[in-house]
Each structure stands twice: as C-alpha cells, then as structure tokens.
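Below is one structure; the comments refer to it alone.
Values in this text are rule-based calculations from the coordinates and carry no lab data. Note that the structure is a prediction, hence the values are computed from the model and not measured. As a convention, Cβ positions derive from the backbone with ideal geometry for all residues, glycine included, and neighbour counts pool all protein chains shown.
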Amino acid sequence: MCVQQLPLSGITVVSLEQAVAAPYATRQLADLGARVIKVERPGEGDFARRYDTTVHGHSSYFVWLNRSKESLTLSLKDPRGLDILHQLLDGADVLVQNLAPGAADRLGLGADSLAERLPRLIPCTISGYGTSGPWADRKSYDLLVQCQTGLVSLTGTAEETARVGISVADIAAGMYAYTGILTALYTRATTGRAHPVEVSLFEALAEWMGQPAYYTRYGGGQPARLGTQHPTIAPYGAFTAADGGQVLFSIQNEREWAALCAEFLERPALTNDPRFATGSDRVAHRDEINAIVAERFARSNAEEILAVLEEVGIACAGVNDVAAFLDHPVLAARGRWQDVAVPGATVQALLPPADLAGLPARMDPVPDVGEHTDAILTELGRTRDDIDALCADAVI
C-alpha cells in the first residue's frame, strides 16, 4: 500500500486508547492514511484484545478496530515512559485519549496544558459524560449510556426492553470524534489555529435520540416499543410467511398504501377505508392492519412475497441473521471484502464505506501488542542499550 496517495498522509496521530470509541475514531483516520501510533500497556495492551478469542485467537472487537495502526507499549506510570510519550507528541498532529476521568490532567495531557506547550497539536478527549458537569468523574460503558439516554426503553418488545445489539454509544462517539478531528485539521490548515475536540458517549448518543426526544416532549408520551414494528408508521415491520420466513416491508406514503392494497393485499377498497385514510389513522388502527397483512402472508412463502412486493414497488427485505449478511450478494458483487493480516493469520474485512474515487483503500495489518515499539523508539533516537534497559524495567 502506498500510504502517500491517501488524504491524511503526513498526519501523525498518537492515541491513548482502549475499548471501542477511541479506536474506532483512529482506525478511520488510519483508513485515510494517517499514521496512528497506538499506545498500549506493556505486556497486556488494550484490554479489548481480551474481549474474546474468536478470530484466530484474537478479539473480534480488536480486529475490527485496529487495522493499519502501529502498537507502542509504554508505562505512563514511569517518568521515562511519560517522557517518551511527550517526545512523540512533539512531532504529532493529533492526540486522542479516552483515559479514565482525570487521568489525562494528572499526566499533563489536558487540553489546556497541551495548548501552551504544543499549540499546533489537536487534542481529542472522549469521555463518558463530558469533562465538566455533575457526572464528569463517572466511568461509563456503552450499555450504561444506552440506559441513560433512554435508548433501551425504546428497544425490544412491549413486554421486555433490550440493548441494541452493537456498541452503538461507542460507535456514535467514535464517529463524532473522527469528524471533529477532521474538522479541526481542516481549520488548522486554513486558519493556523488548533482547536481541541471533546466528545462524550452520552452526548453523542443523545444526538441520535433526537426524534424520540421531540416526539416525547411534544407528543405527551414516548414512542411505543414494538419489536420490528415502527412506532409512528404503519404498516411497517416484519411479518411471517407461510414457510416461516420473515419479510419486512415499509409503507411510506399514500401511493404505496394504495399499491399495497390493490396489488398485494388484493383488497383495493381498503384504500378508501376511513380507518386507514392517513398515516396517523393507520398507526391508530395498527392491529387491524397487521391482522390483514398477516392473513395475506399466511398464503405465500417468503420468496413469493418478496417478489410481489418488489414488483409493486414496496421497499422490502428478508430478515437476515449475521451469517446471511456475511454472504450478502451486494457485498460480494461490489467487492467489499478484502484480506487483512492479523498476527499469525489473515481475515476478511469490509472496505471503509466511503469510497474516494481514484484513491485506494488502506487495509494494512492489525498489530500485535508492542509490535512497533523498537522501531518507534529507534526513530526517536533511542539506542539499542536504551531500549533494552527500558524493556528490562517494564517501561515498554
């Protein structure tokens, strides 16, 4: 891979990262060609390395989040390790950290102190609930934030709540950190000024809760929890066909409703039924519509239903499990899978979703813990004797 061809070639990111949010942000910077130096604990590294061992002995989380990075092990509790970190920062463009509350300030890595010493450095802080306010000192994890934002109360069935099946708060925070860093890099390039970036998991997911927040504040109650059904649109959800297969479809407007009634339900008179005249009417009479749809589904198998709905112009899809997603024809036909090396093996990884015409995707290896320590220290001017002494004292 010729990294020089990529948009962030020449940008160096130092990241004191662990788990999901910060690694997701920096992996996307690495995708664009940035040099990302991942600082890990000597020996054990990022604790996400041990979340599971399902990918050739490696964690599925870690493999997903850490390709194209360099791994440097440093003990920041030792002054020598901290000195190496500050030496790295002298030549860096961005510092990303999601350390425990207060840890960055204790290490001299707070945004204010860094601005005085390194005015061109862009520090990015990822926290649970922000660095100020009554919850600034609280630790936070993805599911805690799903609970605190009310997302869990919207997810599941009428009988039981459920967590979202992916680390959605971490992903939201990682995305806003990534875009915030890109914005800060652009601003620095155009104005010469480096703006610190701060993102919290809570506020990132709070933004994604915008629609149910408005609905609840001004509608007098929150959207109902309805499984695959949509709380404000009907019919919209998954139904079971005669062969047991599930098909999800969505009606977004009156034209689609009329086509569904005439061409799929084979009951065109429903179009003029006052119970179903508007979107709000259909939501109010959801159970009656669902019963009509279920009766029609019981007369055909899933593939037949999909064929009719597609012919009529109704958005629809089968309900895949993860194994079916892995074999999805769109991913195969568009060549979205590419080999990526992990220590001792090769895995299939998805290309970054944003294609930049004429620029190759960077899909470099996932590093072993401390894999690049010697090379980075040598680059910083450390001798072999220095490196050996640091290793003997567990500084690296």
Full-extension gain in nm, Tyr215 to Thr190, via 0.36 nm per residue minus C-alpha separation: 5.0 nm
Choice from Gly318, Gly279, Gly358 with maximal GNM fluctuation in the chain (Cα, 10 Å cutoff): Gly358
Qualifying trypsin sites (Lys or Arg not before Pro) for the stretch 276-358 [loop in DSSP, other Cβ within 10 Å: at most 15]: Arg299, Arg334
Projected area averaged over orientations for the stretch 236-318, convex hull of C-alpha atoms, nm²: 4.5
Pairwise FRET efficiency - Ala315 versus Glu44, Cβ, R0 = 56 Å, nearest 0.05: 0.75
Within the stretch 373-391: backbone nitrogen closer than 13 Å to the Arg80 label point (7 Å, Cα to C-beta): 382-391
Distance in nm between pseudo-label sites at Arg299 and Cys391 (7 Å out along the Cβ direction from Cα): 7.5
The stretch 150-306, dipole about Cα centre (Lys/Arg Cβ +1, Asp/Glu Cβ -1), debye to the nearest 20: 540
Highest-fluctuation residue, Ala21, Ala92, Ala158 considered, GNM on the chain with Cα pairs under 10 Å: Ala158
Helix-derived mean residue ellipticity, 222 nm - over the chain, DSSP H n ≥ 4, -39500 (n - 2.57), to 500: -10500 deg cm²/dmol
Net +/- balance of residues flanking Phe202 in space, Cβ distance below 13 Å, scoring K and R +1, D and E -1: -3
Rounded to 5, percent antiparallel among DSSP beta bridges of the chain: 45
Cβ-Cβ FRET estimate between Thr183 and Val322, R0 fixed at 41 Å, reported to 0.05: 0.75
Residue with peak Gaussian network fluctuation, the chain [Cα springs, cutoff 10 Å], from Leu65, Leu331, Leu76: Leu331
Distance between modelled label sites at Glu266 and Val330, nm, 7 Å Cα→Cβ extension: 3.1
Separation in nanometres of the label points that stand 7 Å from Cα toward Cβ, at Asp243 and Ser9: 5.1
Cleavage-rule hits (chymotrypsin sites (Phe, Trp or Tyr not before Pro)) in the stretch 25-76: DSSP loop, at most 15 neighbouring Cβ within 10 angstrom: Tyr51
Principal-axis tilt of helix 168-191 within the chain, Cα atoms, nearest 10 degrees: 60
Principal-axis tilt of helix 79-90 within the chain, Cα atoms, nearest 10 degrees: 70
Cα Rg, Dmax (largest Cα-Cα span) when computed across the chain, Å: 25.6, 87
Principal axes of the stretch 254-396: Cα extent on each, largest first, Å: 86, 32, 31
